Amino acid sequence: MLILRVPAPKAILPTLARVPPKPQPPWRRILQLGSPHLRLTRPPSQLRSFAHQPSKSSSEAAKRQAKSAAQSAKSHGTSTRPPPPSLSTAKTRPDIPERILIYHAGAGRIAFLAVLKLTSLLLGAFFTLLAAPSYFRAGKPPPATAAVAACGIVPAVFVAWSTAPFVTHVHMHLPAAARASPASLARFVGALPPAARLTLTTMSLVAAPRCTAVRAADLRAAPPRSRRLGLVNYVRDTAADNAARRWYMYRAVGAFYVQDGGGGKQRVAAGHQARRNKAAAVDTWIWEAVRDKIARRDAPGPV
């Protein structure tokens, strides 16, 4: 006869107590907040934490509402971006810069003179620093050594003296009233004041640009004795500028050579068209007006 021993109920209870409860989803715990049994068995702090947890359905509803609002705004053509500037506002902005180019000597001439200056310097350095010392160490006659040194010094000095007045660019600084429209610019140039500011750019000994700020009234036609064999056609007084400079500084540029070009009313129209094209924005008609004003002012007799 088999005897079955059934454990007492007290032995099962400890094993059941050691089994951890299964985790419940948040929505189930929130639904159980209404039961009185949960309110009595859970502490108030835990109840508040359950109450503050957002439900999944509410977050999805907010996302759907935002998506529908964005689609409705897109269908009606509305946008949060700022509107573009109107055509009237764009037209009122002046397209004339404060500093405009009124003369350009040409890229070919500028490059040729720059190469000529640098080549003369290199030749001068070769003859005076290498060739002449080698002649002296070899015991050559002094006249031969001096001639070799002169072969490097004379060309460099002549090139520097003859190309110093060459003007590569001329810029004019315009006031705000002259930049309002092309008609205002034409009126300003027609009645050019003596205090109109110009910037003439020349090349230094090493082909670096040298900018000289002058007034329109400071320029005058070069007299016959200051023309440097026809290489100078405009001069200015530099006594005040040289007095303010140190002894080791470059002397102020007082002689300029600006090549003459053809003039006429056609150049005025070409100048306005060139300003529209930013790649060739050279208002040559303005320089021609300045040149004619200087010629009338320096001409003998009543102006």
Checklist line | Test result for ARG220, surrounded by fewer than 13 Cβ atoms within 10 Å (Cβ to Cβ) and more than 24 Å from the chain's Cα centre (by Cα) | finding: no
Item checked: Residue in the range 96-123 that is farthest from ASP260 (Cα to Cα), counting only those that are basic (Lys, Arg) and over 23 Å from the mean Cα position of the chain (by Cα) -> LYS117
Checklist line | Search result, residues across the range 202-233 that are of a type in the set (D, E, K, R) and out of contact with any strand residue (DSSP E or B) (no Cβ under 6 Å at 6 or more places or on another chain) | finding: ARG215, ASP218, ARG220, ARG225, ARG227, ARG228
Checklist line | Odd one out for THR201 among (1) outside any strand (DSSP E or B); (2) surrounded by 14 or more Cβ atoms within 10 Å (Cβ to Cβ) | finding: (1)
Notebook entry, point to check: Only one of these conditions is not met by PRO165: (1) more than 27 Å from the chain's Cα centre (by Cα); (2) exposed (fewer than 13 other Cβ atoms within 10 Å of the Cβ); (3) not basic (Lys, Arg). Which number is it?
Noted result: (2)
Next item on the list: Go through the range 223-258 residue by residue and tally those that are closer than 23 Å to HIS104 by Cβ and not in a loop (DSSP other than H, G, I, E, B).
Entry: 5
Notebook entry, point to check: Among the residues of the range 262-269, is there at least one that is closer than 18 Å to HIS171 by Cα, modelled with pLDDT under 90 and in contact with a Lys or Arg (Cβ under 6 Å, 6 or more places away or on another chain)?
Noted result: no
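The values are calculated or read from the model by the stated rules, or taken from the named source; none is laboratory data. Because the structure is predicted, anything quoted here is derived from the model rather than measured. Glycine gets a Cβ as well: all are built from the backbone with ideal geometry, and neighbour counts include every protein chain shown.
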